[in-house]
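Have a look at the structure below before the remarks.
The values are calculated or read from the model by the stated rules, or taken from the named source; none is laboratory data. All values reported here derive from a predicted model rather than from experimental measurement. As a convention, Cβ positions derive from the backbone with ideal geometry for all residues, glycine included, and neighbour counts pool all protein chains shown.
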Amino acid sequence: MLLGAQNQAVADAASASNVDAARTFRDTLMLAAPALRHHPDVETAIDVAHRLTFAACMHRIVYGEFSESARELSWEQLIDQLRNAVTAYLLAPAQRGEEPNKTD
């Protein structure tokens, strides 16, 4: 991550890898798309879920466990709580006047 900020070739390779990982994340979650139909745009909801997951994990890798908080939280606990947060987001009803996807 840090080297990619200084070396375009590394950044390009990392970006391609991350886009591929995002595609796998998307393809996996699309299996549950019927449960996500209340989102106005399921593809965007899945993309945001991936970005949240990616950002949380990369932040910890780059800055370490205690940059986030003075409270101890193992990787396993972080993953469990992140899974809970992302699941709640994906399964939550649409907010701010957004209309759910109409699949009928």
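So which of 24, 28, 53 is at pLDDT 90 or above, surrounded by 14 or more Cβ atoms within 10 Å (Cβ to Cβ) and among the polar types (S, T, N, Q)?
53
I'd like to verify a number: residues in the range 61-96 that are part of a helix (DSSP H, G or I), at pLDDT 85 or above and among the small types (Gly, Ala, Ser), how many?
Result for the range 61-96: 2.
Which pairs turn up if I take residues in the range 68-84 that are exposed (fewer than 10 other Cβ atoms within 10 Å of the Cβ) and look for partners that are at pLDDT below 95 with beta carbon separation below 8 Å, at least 6 apart in sequence or on another chain?
Short answer, once both residue conditions are applied: 72/65.
So if I check each of 64, 4, which one is free of Cβ contacts under 8 Å to residues at least 24 places away in the same chain and on the phi > 0 side of the Ramachandran plot?
The match here is 64.
Does the range 22-30 contain any residue that is in contact (Cβ under 8 Å) with a residue 40 or more places away in the chain and over 20 Å from residue 62 (Cβ atoms)?
Yes, some residue in the range 22-30 is in contact (Cβ under 8 Å) with a residue 40 or more places away in the chain and over 20 Å from residue 62 (Cβ atoms).
Taking residue 52, is it within 24 Å of residue 1 (Cβ to Cβ) and not acidic (Asp, Glu)?
yes
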